[in-house]
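Participant: Once you've had a glance at the structure underneath, I'll fire off some questions.
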Amino acid sequence: MSADSGAGETDPVPPVVLKLGGSLITEKDRPETLDEGALAVACDAVADALDDGAVDRLAVVHGGGSFGHHHASEHGVSTTSGTRDAGAVAAVHGAMKRLNAHVLERLRDRDVPAVPVHPLSLGARAEGADGDLDLPLSSTATLLGEGFVPVLHGDGVATAGEGVTVVSGDELVVELAAGLGARRVGVCSTVPGVLDADGDVISAIDDFDAVADALGASDATDVSGGMAGKVRELLALDAPAHVFGADGLAPFLRGEDAGTRID
Ligand code: IP8
């Protein structure tokens, strides 16, 4: 594999957008510790899919796991609560760049032409509780067109009225999928899919109201750990999305259904 495959084409081929959850690729309870085994399995699946042509264009986003979240909580920074302390921004962003560098290295070890894209340097969030994220994607789109695999990550983001807040990998996936006109979207984490109230994987979701109760969406606090909101955002995309665990990654990249299909 090289970075020149696909270069020079005028018609952009819709990419696949893949999120690797931070809890999947790191050991969540040990600060700045990779889950080497899980990361290797994920990188193998990505390399195989590109090698055998199952995927031609791929943008990857990874979460924070025990890198970003550790520093964000130490400095009281979240998606809604920001900081104006440059040292805190450097701590969160620095940790995410370290994790990003590990992911890139393991992908490049497998000949995947992976390059970093750092959201802190690109994006901005408008003021207010639901402040819109503006994430210019021309660098990512151009990298894809030139045959690279851009790898973004949850990060800090400039936020009007707050300083710097956290932008999550899930938010980035939605931005990328919509902005790049993704062909398919995959969200790979430690759970095998979207689970119903009995803990079983829901195979397909095409209507939020039909699953809202099972997802705990009517509870005052989102007991499902944000899954309801994630499902709602993935449903709003044009592209079909899949939410799956590590076992679903290779099938997803081969174009098969995996975990929960959302469209
Ligand atoms: O793990 C958050 O990304 P997530 C990254 O996708 C930081 O929520 C900076 C904590």
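Throughout, read-outs are computed from the coordinates displayed, never taken from laboratory work. Source: prediction; values computed, not measured. Cβ atoms come from the backbone with ideal geometry, glycine included; neighbour counts cover every protein chain shown.
Participant: If you stretched the chain out fully between ASP111 and ARG84, how much longer would it get, using 0.36 nm times the residue separation minus the C-alpha to C-alpha distance?
Facilitator: That pair, ASP111 and ARG84, stretches by 5.8 nm at full extension.
Participant: Okay, moving on. Apply the a/c threshold of 1.5 to the C-alpha gyration tensor of the range 8-62 and tell me whether it is rounded, prolate or oblate.
Facilitator: prolate
Participant: Next question. What does DSSP give for the range 165-263 in terms of the percent of beta bridges that are antiparallel, rounded to the nearest 5?
Facilitator: 40
Participant: At 222 nm, what value in deg cm²/dmol follows for the chain if DSSP H runs of at least 4 each add -39500 (n - 2.57) and the sum is divided by all its residues, to the nearest 500?
Facilitator: Here the helix-only value at 222 nm equals -10500 deg cm²/dmol.
Participant: Report the net charge of residues surrounding ASP48, where surrounding means a beta-carbon distance below 12 angstrom and charges are Lys +1, Arg +1, Asp -1, Glu -1.
Facilitator: So the surrounding residues net to -2.
Participant: Okay, next question. If the only charges are +1 at each Lys and Arg Cβ and -1 at each Asp and Glu Cβ, what is the size of the charge dipole of the chain around the Cα centre, to the nearest 20 debye?
Facilitator: The calculated dipole for the chain is roughly 700 debye.
Participant: When only C-alpha pairs under 8 Å and at least 6 residues apart count, what is the relative contact order of the range 117-233, in percent?
Facilitator: That works out to 17 percent.
Participant: Give the order of ARG30, ARG232 when sorted by the count of other beta carbons within 10 angstrom, beginning with the fewest.
Facilitator: Fewest-to-most Cβ neighbours within 10 Å comes out as ARG30, ARG232.
Participant: GNM, the chain, Cα, under 10 Å: largest mean-square fluctuation among ALA38, ALA210, ALA141?
Facilitator: Result for the chain, Cα springs under 10 Å: ALA210 fluctuates most.
Participant: A further question on this structure: When DSSP beta bridges are limited to those with both residues in the chain, what percentage is antiparallel, rounded to the nearest 5?
Facilitator: Once the DSSP bridges in the chain are tallied, antiparallel ones form about 35 percent.
Participant: What helices does the chain have that are whole DSSP H segments, at least 15 Å long along their own axis by Cα, and with mean Kyte-Doolittle hydropathy of 0.5 or more?
Facilitator: 36-51, 169-180
Participant: Right, something else. Taking a point 7 angstrom from the Cα of HIS75 along the C-beta vector, which residues in the range 85-102 have backbone N less than 16 Å away?
Facilitator: From the range 85-102, the list is 85-100.
Participant: Sorted from fewest to most neighbouring beta carbons within 10 Å, what does the list SER189, SER203 look like?
Facilitator: Ranking SER189, SER203 by Cβ neighbours within 10 Å, fewest first, gives SER203, SER189.
Participant: Count the net charge of all other residues whose Cβ sits under 13 Å from the Cβ of GLY94, scoring Lys and Arg as +1 and Asp and Glu as -1.
Facilitator: -1
Participant: What does the charge count around LEU122 come to, taking other residues whose C-beta lies under 11 Å from its C-beta (Lys +1, Arg +1, Asp -1, Glu -1)?
Facilitator: Residues near LEU122 contribute -3 overall.
Participant: Separate question: Please order LYS97, LYS19 by the number of other Cβ within 10 Å, starting at the fewest.
Facilitator: LYS97, LYS19
Participant: Can you list the residues, at least 5 places off or on another chain, whose amide H is less than 5 Å from the amide H of LEU58, using H built in the peptide plane?
Facilitator: Sorted by chain and number, the residues that satisfy this are VAL16.
Participant: What does the C-alpha gyration tensor say about the overall shape of the range 152-263? Classify as rounded when a/c is under 1.5, otherwise prolate if a/b is larger than b/c, or oblate.
Facilitator: It comes out oblate by the Cα gyration axes.
Participant: When only C-alpha pairs under 8 Å and at least 6 residues apart count, what is the relative contact order of the chain, in percent?
Facilitator: Computed value for the chain: 23 percent relative contact order.
Participant: Is the shape of the chain rounded, prolate or oblate, going by the alpha carbon gyration tensor and its root eigenvalues a ≥ b ≥ c, with a/c under 1.5 for rounded and a/b larger than b/c for prolate?
Facilitator: It comes out rounded by the Cα gyration axes.
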